[in-house]
C-alpha cells in the first residue's frame with residue numbers, strides 16, 4: 001500500500017496590514033507619551049511587555065484573526081523586540097483591567113473593532 005504524505009505549509013502572519021496610519025498630531029503625541037509612560041512605569045518589572053501599533057494575532061492558524069491596538073501591556077512576558085504578537089506563542093494575555101477599560105475606550109468606535117477585541121478572549125487591549 002502506497003502512502004501519500006503532504007507537506008504542511010507554514011502559515012504567514014503579516015507584520016503589516018498595508019494600510020497607512022491615519023492619526024492626527026495629537027493622537028500620535030498621546031500614543032508616544034502613553035507608551036513611554038507605561039514603559040517607564042514598568043521599567044523595573046522584567047516580565048511586563050509594553051507595545052503598540054503592532055499586529056496582535058489571537059487565533060492560531062487564522063491570520064485574519066488579528067487586531068491593531070494602539071497600546072497594549074502584557075504581564076508575564078519578557079521585554080524585547082517583536083515584529084508581531086501571537087497570543088498562543090507568548091502564553092500570556094494582556095492585563096485584565098485594561099480589557100475592562102476597552103469597552104469604555106472603544107464605545108465611540110466601530111462595533112466591529114470593539115467586538116473583535118472582546119472576542120479575542122483575554123487579549124486585553126487598551127486602544128487610545
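The values are calculated or read from the model by the stated rules, or taken from the named source; none is laboratory data. Model, not experiment: these values are computed from the prediction. A quick note on method: Cβ atoms are made from the backbone with ideal geometry, for glycine too, and the neighbour counts reach across all protein chains shown.
If you check residue 62 against the conditions, is it surrounded by fewer than 16 Cβ atoms within 10 Å (Cβ to Cβ), more than 16 Å from residue 78 (Cα to Cα) and either at pLDDT 90 or above or in contact with a helix residue (DSSP H, G or I) (Cβ under 6 Å, 6 or more places away or on another chain) (or both)? Judged against the criteria, residue 62 is a match. Looking only at residues in the range 76-95 that are modelled with pLDDT of 85 or more and assigned to a strand (DSSP E or B), the one that is farthest from residue 61 (Cα to Cα) is 85.
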